[in-house]
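Report on one structure; see the data block that follows.
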Amino acid sequence: MSYLIIDKVTKKFDGTVVLNEISLAVERGELVTLLGPSGCGKSTLLRCIAGLNEVDGGRILLNDRDITYLAPRKRGVGMVFQSYALFPNMTVYENIAFGLKMQGLKGDRIAARVREMIDLVGLAGKEGSYPRELSGGQQQRVALARSMIVEPDVLLLDEPFNALDAKIRKTLQMELKNIQKKSGMTMIFVTHDQEEALTISDRIFVINEGRVAQSGKPLEIYSQPANEFVARFIGNFN
Ligand code: ADP
Ligand code: MG
């Protein structure tokens, strides 16, 4: 059985169907991308997985548990957003340590874990800095470390690099891929950027109007689009 299973999930807002019996499965340790145009339902699906939106139908299974109706904090799901949402009055160290403190871990164990995480995301030397003293790219590294340190079963990333300029964005794409491989964490990355999806993903799910239009490895999606929507969307680089 797959590690994460989205089984015919439907979500409506005011009677409008946004997720239309969408089904997909993710294996443990994969980095998959949900790729699709603005408004196709990517964020809504992530919010359903995280428990921030209640579904109107279907099931969500994660790591052998039915999490469809669990409270968000009991799901083992982490999330990174486009806006970094760091604690402005806490240092890099404190921001990253926060989740472990909440779990009641002792100081010396926290220190060791934070050190590892800071190395993993390339923030060594920035421990004592405050978010306002960091670049956008550095802030997003802190956000990533802060979400990863509590070791969620799955980490959801909703267009995390959108606010960054093109060069930093490229760097972070490659780094995220490395970090993900090193950590073995299962990740679902959302983007509307075809090139970004082709660069970082193990597999891509192309989403159109609340359904999966095609899924496959990047090269497969790129060279063998299954239908006109995918062909147009993938072909349409900006
Ligand atoms: P994407 O992330 O792919 O751009 P979203 O999941 O944010 O798309 O939105 C999909 C559709 O659902 C859009 O038409 C959007 O307006 C609508 N939608 C999202 N959230 C809400 C909400 N809380 N209330 C009403 N409509 C919403
Ligand atoms: Mg979105």
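Can you give me the angle between helix 166-183 and the longest principal axis of the chain, using Cα atoms only, in degrees from 0 to 90, rounded to the nearest 10? Its long axis makes an angle of about 80 degrees. Our summary of shape: the Cα atoms of the chain have principal axis extents of 52, 39, 34 Å, ordered from largest down, in whole angstrom. Taking all Cα pairs closer than 8 Å and separated by 6 or more residues, the relative contact order of region 1-116 comes to 22 percent. Rounded to the nearest 5, the antiparallel percentage of DSSP beta bridges internal to the chain is 50%.
Over region 121-238, what relative contact order in percent results from Cα pairs under 8 Å that are six or more residues apart? Write out the running numbers ahead of the final one.
Details: 110 pairs, mean separation 21.2, N = 118.
Relative contact order, region 121-238: 18 percent.
At each listed q (0.19 Å⁻¹), what is the log10 of I(q)/I(0) that the Debye formula gives for region 1-118 modelled as equal alpha-carbon point scatterers? The Debye formula, applied to the Cα set alone, gives -1.09.
Taking Cβ atoms as reference points and 12 Å as the exclusive limit, the residues near G51 contribute a net charge of +3, counting Lys and Arg as +1 and Asp and Glu as -1. The separation of region 46-112 from region 19-45, counted between C-alpha centres, amounts to 19 Å.
Under the simplified labelling scheme, the R232-A71 pair shows an inter-label distance of 4.6 nm, with each label point 7 Å from Cα along Cα→Cβ.
Looking at this model, which pairs from K182/K217; K177/K217; K74/K177 are more than 23 angstrom apart at the alpha-carbon? Let's see the in-between values first.
Working: K182/K217 20 Å; K177/K217 15 Å; K74/K177 27 Å.
With Cα atoms farther than 23 Å apart: K74/K177.
Of the peptides 146-152, 64-70, the ranking by mean beta-carbon count within 10 Å, highest at the top, reads 146-152, 64-70.
For region 119-190, what class follows from the C-alpha gyration tensor (a ≥ b ≥ c being the square roots of its eigenvalues): rounded when a/c is under 1.5, otherwise prolate if a/b is larger than b/c, else oblate?
Values: a/c = 1.67, a/b = 1.22, b/c = 1.37.
Oblate shape, in that a/c is at least 1.5 and b/c is the bigger or equal ratio.
Kindly provide the helix-only [θ] at 222 nm of the chain, computed as the sum of -39,500 (n - 2.57) over DSSP H runs of four or more divided by all residues, to the nearest 500 deg cm²/dmol?
Working: 8 runs with 86 residues, N = 238.
Mean residue ellipticity, 222 nm, calculated: -11000 deg cm²/dmol.
Under the simplified labelling scheme, the D14-Y222 pair shows an inter-label distance of 4.1 nm, with each label point 7 Å from Cα along Cα→Cβ.
Values quoted throughout were computed directly from the atomic coordinates according to the rules given, and no laboratory measurement underlies them. Worth saying up front: this structure is predicted, and the values here are computed from it rather than measured. Heads up, the Cβs are rebuilt from the backbone with ideal geometry, glycines too, and the neighbour counts pull from every protein chain shown.
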